[in-house]
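Novice: So that we are looking at the same thing, I have put the structure below in structure tokens.
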């Protein structure tokens, strides 16, 4: 059921971005990072190995998984900007505009936004892809052995906790725990560690507590939103992010051990999982074109008009996600499969 969880995380990102409901997207991005740390460590151990050929296979597979779909949405966004005009695209989201230099084009073409704070780089034609810069960085670390063993993964986790603690002790801003390139280290290292220890959790039968864990996940979000709305206990809000790490980790372990009964459930879970990456990539661009076509206005915030934009955007993003999954990702799947051999 990890596919369904990925779909939920992608929707949380869309809700924050298009409806301006805080925290949801931030919870989701670091949830994605934990899941990536878990899954990338899993496939390095089970599918590739740490030989030179194994690392090469991992790199090629990740490239084929990410870039063909990314380039499809990049081209689509360029066409959308041509259609609505740069003035409108900038009004809609200030960093959606045509690159003005070779360096800007290269960063957008490669998803490598060169900055210690990649989320501040402009322009970003697909704005949410700053997080993929972080993903690619930690894919590299995992490929060269950052999560090769329990001991190494624990050392990585300790270093990450040290950095996180440092940002709090020296009163560094929240952006150092979210937007800074090394901020992804903690959730990625958590994912790596829970891979090495997930078998130890079987005795707790977490797969039978999936609903309870999702209720905790929801409660954590609701309480945080209420406190934020009331401007209460502001110094304690960071605790909810720590709880998100814990709950998300337990959800990942529980869902990994769940045995889906029936082929239809497996198909649905895979279908939803396949939509998550396209939705994550496309929602800003689709929201922009939907806003233009429906209202000729860069709709934003929590309004009835923007709620309509949100609903239509989710639907269109899902349709586009089905299209790119069917006609792009599945076309390269056979090529990717040829590299899934233990090195």
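Novice: Choose one answer from 105, 130, 156: the residue with the largest mean-square fluctuation in a GNM of the chain with alpha-carbon springs under 10 Å.
Specialist: 105
Novice: At 0.692 mPa s and 37 °C, plugging the Kirkwood radius over alpha-carbon pairs of the range 186-282 into Stokes-Einstein gives what diffusion coefficient in µm²/s?
Specialist: On the way: Rh = 15.5 Å.
In µm²/s, the coefficient rounds to 211.
Novice: Have a look at 109, 131, 28 and tell me which one the Gaussian network model of the chain (Cα, springs below 10 Å) gives the largest fluctuation.
Specialist: Fluctuation is largest for 109.
Novice: When the helices in the chain are scored as -39500 (n - 2.57) per DSSP H run of 4 or longer and the sum is shared across all residues, what 222 nm value do you end up with, to the nearest 500 deg cm²/dmol?
Specialist: Details: 13 runs with 238 residues, N = 343.
So the calculated ellipticity at 222 nm is -23500 deg cm²/dmol.
Novice: Hey, another quick one. Below 8 Å, C-alpha to C-alpha, sequence gap of six or more: please give me the relative contact order for the range 1-73 in percent. Before the final figure, lay out each step's value.
Specialist: Details: 33 pairs, mean separation 12.3, N = 73.
Relative contact order for the range 1-73 comes out at 17 percent.
Novice: Another question, then. How large is the direction-averaged shadow of the alpha-carbon convex hull of the range 243-321, in nm²?
Specialist: 7.1
Novice: Moving to a separate point now. Name all residues of the range 1-38 having a backbone nitrogen under 14 Å from the label point set 7 Å from the Cα of residue 264 along its Cα→Cβ direction, giving them as ranges.
Specialist: none
Novice: Please give the FRET efficiency for residue 159 paired with residue 87, using the beta carbon to beta carbon distance and R0 = 45 Å, rounded to the nearest 0.05. Write down the numbers at each step before the final one.
Specialist: Values: r = 46 Å, r/R0 = 1.01.
Step by step, r from the Cβ atoms, then E = 0.50.
Novice: Ok, one more. Evaluate the relative contact order of the chain (contact order divided by residue number), counting alpha-carbon pairs under 8 angstrom at least 6 apart; express in whole percent. Please report the intermediate quantities before stating the final value.
Specialist: Details: 433 pairs, mean separation 114.7, N = 343.
Reported as a whole number, the value is 33 percent.
Novice: Where does each of 203-216, 224-237, 115-128, 59-72 land if you order them by average Cβ count within 10 Å, highest first? Walk me through the intermediate numbers first.
Specialist: Details: 203-216: 13.8, 224-237: 11.8, 115-128: 18.9, 59-72: 16.9.
Per-residue Cβ counts within 10 Å, averaged per peptide and sorted highest first, yield 115-128, 59-72, 203-216, 224-237.
Novice: Oh, and also: Taking every pair of Cα atoms in the range 83-196, average 1/r, invert it to obtain the Kirkwood radius, and report Rg/Rh to two decimals. Don't skip to the end; give the middle numbers.
Specialist: Values: Rg = 16.9 Å, Rh = 15.7 Å.
Radius of gyration over Kirkwood radius for the range 83-196 works out to 1.08.
Novice: Mind giving me the FRET efficiency for residue 232 and residue 302? R0 is 30 Å, r the Cβ-Cβ distance, nearest 0.05 is fine. Display every interim value, and only then the final one.
Specialist: Values: r = 20 Å, r/R0 = 0.68.
Efficiency computed from Cβ-Cβ geometry: 0.90.
Novice: Please give, to one decimal in nm, the separation of the simple spin-label points placed at residue 205 and residue 53, each 7 Å out from Cα toward the Cβ.
Specialist: Computed distance between label sites residue 205 and residue 53 equals 4.4 nm.
Novice: Roughly how far apart, in whole Å, are the Cα centres of the range 1-35 and the range 231-246?
Specialist: 17
Novice: Right, something else. Output the peptides 195-202, 162-169 sorted from most to least packed, where packing is the average of other Cβ atoms within 10 Å over each peptide's residues.
Specialist: Values: 195-202: 15.4, 162-169: 13.2.
The peptides rank, most packed first, as 195-202, 162-169.
Novice: Report Rg (one decimal) and Dmax (nearest whole number) for the chain, counting Cα atoms only, units Å.
Specialist: For the chain, the Cα-based Rg and Dmax read 19.9, 58 Å.
Each reported figure results from applying straightforward, stated rules to the coordinates on display, with no laboratory input. It should be emphasised that the depicted structure is a prediction, and the values quoted were computed from it without experimental measurement. Neighbour counts are summed over all protein chains in view; Cβ atoms, including those assigned to glycine, are modelled from backbone coordinates with ideal geometry.
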